[in-house]
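Just below is one structure, and these are the notes that go with it.
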């Protein structure tokens, strides 16, 4: 007799006892499940998908009633399919067995509206190609969007409100990224998130958090969010770009959001990220040592440029209204990627762009060049940055136009 206490992905807590006699399934359940989950509560296959061995699942499917209670209402989103739970578990063999028994997989599950393919990264690499292909043939959308970020117990601590490729990139699962791209995942699908909430180069941070009093902003228009390319650039992870290059598929790597930010602008993303409780942490320790980080950065820039990434693309300027932002000349706050990197003090990114061919002479709509964006709050960093830019031809006495 095995007592089992578990929490479902939607946060519901249940306790159950499964008795083997010798492999005949009887169960008693004491549960706080969602009232809509009564059929799932009565059906042992729901729990076998999470904890059972293949032999136990196969025996139950062979000897259980012809149609399971789960199968009778598999279109209800409140009932998380056994196939979905097997995918969350990372067991493709169990999921495949349940698919063969005609359990559904096409619905979106939990309050996060997750698909089975969001969990492709959890499966053994040797099964991922088959799993993605079969799940797609069963109607699962490879570009399905999770409705909101989901807490995750390991790095990166929050899984994005995005597609299966965005989850795979966030978790640095390179084999999964390759399999998803080869099966037609769209690298340009955006997640609807707000990447500028904490970014004062785009919006005026005119609000404060309750506990830490950190400054942030709220957009006055809807935000398009980030796509898988953006996630790859933010993490200096070239795998998604390498996959596109290998596939030979033409993709507009210069696609921008409502602010005009392209994938090359994302290279300078703030390395500080936040957990679901708002605690900050740096992604740098997870990117390896300095030499590893610089190598990955340079390879990512090279791959983006090979895909015809535009090193001189300008952003559109702040999203908030002029009267609220306090900045009079919007054109001064347009950035090519190099300007953004320099202003944020990301000298390693700036150097990588310069080596890839970025120009120190490009001017924004206000007539400024990259030299106008060198921050002066730290004299040593200021001098180092000026020297680096002058090495690539920048002139110290550059004037506004």
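The values are calculated or read from the model by the stated rules, or taken from the named source; none is laboratory data. Predicted model, so just to flag it, every value in this text is computed and none were measured. When we count neighbours, we look across all protein chains shown, and the Cβ atoms used for this are built from the backbone with ideal geometry, even at glycine.
For every residue, the table says whether it meets (1) over 19 Å from residue 167 (Cα atoms); (2) assigned to a loop (DSSP other than H, G, I, E, B).
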position	(1), (2)
224	no, yes
230	no, no
237	no, yes
240	no, no
246	yes, no
252	yes, yes
256	yes, yes
263	no, yes
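Checked against the criteria, residue 203 counts as surrounded by 16 or more Cβ atoms within 10 Å (Cβ to Cβ) and either modelled with pLDDT under 90 or over 22 Å from residue 305 (Cα atoms) (or both). One residue stands out among those in the range 124-144 that are assigned to a loop (DSSP other than H, G, I, E, B) and without any contact (Cβ under 8 Å) to a residue 40 or more places away in the chain: the one that is nearest to the chain's Cα centre (by Cα), which is 144. Looking only at the range 152-181, residues that are part of a helix (DSSP H, G or I) and over 18 Å from residue 193 (Cβ atoms) come to 8 in all.
Would you say residue 84 is touching a strand residue (DSSP E or B) at 6+ places or on another chain (Cβ under 9 Å) and surrounded by fewer than 16 Cβ atoms within 10 Å (Cβ to Cβ)? Taking the combined requirement at face value, the residue does not satisfy it. In the condition set (1) buried (at least 20 other Cβ atoms within 10 Å of the Cβ); (2) in contact with a strand residue (DSSP E or B) (Cβ under 7 Å, 6 or more places away or on another chain); (3) at pLDDT below 95, residue 167 is compliant with all but (3).
Annotation: of all residues in the range 273-298 being in a loop (DSSP other than H, G, I, E, B) and in contact with a strand residue (DSSP E or B) (Cβ under 8 Å, 6 or more places away or on another chain), the one that is surrounded by the most Cβ atoms within 10 Å (Cβ to Cβ) is 283. Within the range 104-123, the set of residues being touching a helix residue (DSSP H, G or I) at 6+ places or on another chain (Cβ under 6 Å), in contact (Cβ under 8 Å) with a residue 40 or more places away in the chain and over 20 Å from residue 177 (Cβ atoms) comprises just one member, 109.
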